[in-house]
1. Between residues in region 23-52 that are aromatic (Phe, Trp, Tyr) and residues that are surrounded by fewer than 18 Cβ atoms within 10 Å (Cβ to Cβ) and in a loop (DSSP other than H, G, I, E, B), which pairs lie under 7 Å by C-beta distance while being six or more apart or on different chains?
2. How many of the residues making up region 74-106 are more than 19 Å from Phe132 (Cα to Cα) and within 18 Å of the chain's Cα centre (by Cα)?
3. I'm trying to understand the selection: among the residues of region 103-117, which are surrounded by fewer than 13 Cβ atoms within 10 Å (Cβ to Cβ), touching a strand residue (DSSP E or B) at 6+ places or on another chain (Cβ under 7 Å) and touching a residue at least 60 places away in the same chain (Cβ under 8 Å)?
4. If you take the residues in region 1-19 that are in contact with a helix residue (DSSP H, G or I) (Cβ under 6 Å, 6 or more places away or on another chain) and of a type in the set (Gly, Ala, Ser), which one is farthest from Leu102 (Cα to Cα)?
5. Looking at region 24-32, can you tell me whether even one residue there is in a loop (DSSP other than H, G, I, E, B), open to solvent by less than 40 Å² (accessible area, probe 1.4 Å) and closer than 22 Å to Ser127 by Cβ?
6. Return the pair list, or none, for Cβ contacts closer than 7 Å from residues in region 127-146 that are closer than 15 Å to Arg93 by Cα to residues that are open to solvent by less than 60 Å² (accessible area, probe 1.4 Å) and assigned to a loop (DSSP other than H, G, I, E, B), at least 6 apart or on different chains.
7. Out of curiosity, is Leu61 without any contact (Cβ under 8 Å) to a residue 12 or more places away in the chain and of a type in the set (A, V, I, L, M)?
8. Restricting to region 100-139, name every residue that is over 20 Å from Gly44 (Cβ atoms), assigned to a helix (DSSP H, G or I) and among the aliphatic types (A, V, I, L, M).
Amino acid sequence: MIAWHSPIAVPVGKVHGANAFCVTNDNGVVLISRDGERWGWPGGRPEGNESWEQTLRREILEETCSIVGDARLLGFCRGVCLTGPEEGLVLVRSIWRAEVELMSWEPRFEIAQRRVVPAAELMSHFSMEEGFEPIYHRALAEARLM
């Protein structure tokens, strides 16, 4: 079970990281892929005592070889595990729009590929995980990419 929360107050739960729609100065959106078939937004989990924004900036650099300039917190998604060994676990992730400057592509971590697509064509390239579509649509609207 997952829900969207405004950026005004952090919902209760375990900090689970940050994701962002990364936008270039010519209104391109940076997508990443591990396999060259499914393309998504960059993000990841915090290391140590990182803040939400520190996690965002590090993950964007690691996964997209981009430097974050301005970053705007769009909101949070909060998920509750309903079954399995993590039943009851509540995870919270921050969602951002980040203005980025692309550096040369030198993948060093788990991401094998990067592409930049025009914002107007984003939906024809972006892969949404089943069940998370409402969160993606809300984030896209908040980022003014829809």
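1. Trp39/His125; Trp39/Ser127
2. Total satisfying the criteria: 5.
3. Residues of region 103-117 that are surrounded by fewer than 13 Cβ atoms within 10 Å (Cβ to Cβ), as a first pass: 103-106, 108-110, 112.
Add one more test, that the residue is touching a strand residue (DSSP E or B) at 6+ places or on another chain (Cβ under 7 Å), and what stays is 103, 105, 112.
Matches in region 103-117: Ala112 only.
4. So the residue we want is Gly17.
5. Quick first cut of region 24-32, residues in a loop (DSSP other than H, G, I, E, B) only: 24-27.
If we keep only those that are open to solvent by less than 40 Å² (accessible area, probe 1.4 Å) too, we end up with 24.
Remaining after also requiring closer than 22 Å to Ser127 by Cβ: 24.
There is at least one residue in region 24-32 that is in a loop (DSSP other than H, G, I, E, B), open to solvent by less than 40 Å² (accessible area, probe 1.4 Å) and closer than 22 Å to Ser127 by Cβ.
6. Tyr136/Met128
7. Working: without any contact (Cβ under 8 Å) to a residue 12 or more places away in the chain: yes; of a type in the set (A, V, I, L, M): yes.
Spelling it out, Leu61 is indeed without any contact (Cβ under 8 Å) to a residue 12 or more places away in the chain and of a type in the set (A, V, I, L, M).
8. Within region 100-139, Ala119, Ala120, Leu122, Met123 qualify.
The values are calculated or read from the model by the stated rules, or taken from the named source; none is laboratory data. All of these numbers come straight from a predicted model, not from anything done at the bench. FYI the Cβ positions are ideal-geometry reconstructions off the backbone, even for glycines, and counts take in every protein chain you see. The accessibility values were calculated without ligands, DNA or RNA, using every heavy atom of the protein model including side chains. Shrake-Rupley method; radii C 1.70, N 1.55, O 1.52, S 1.80 Å.
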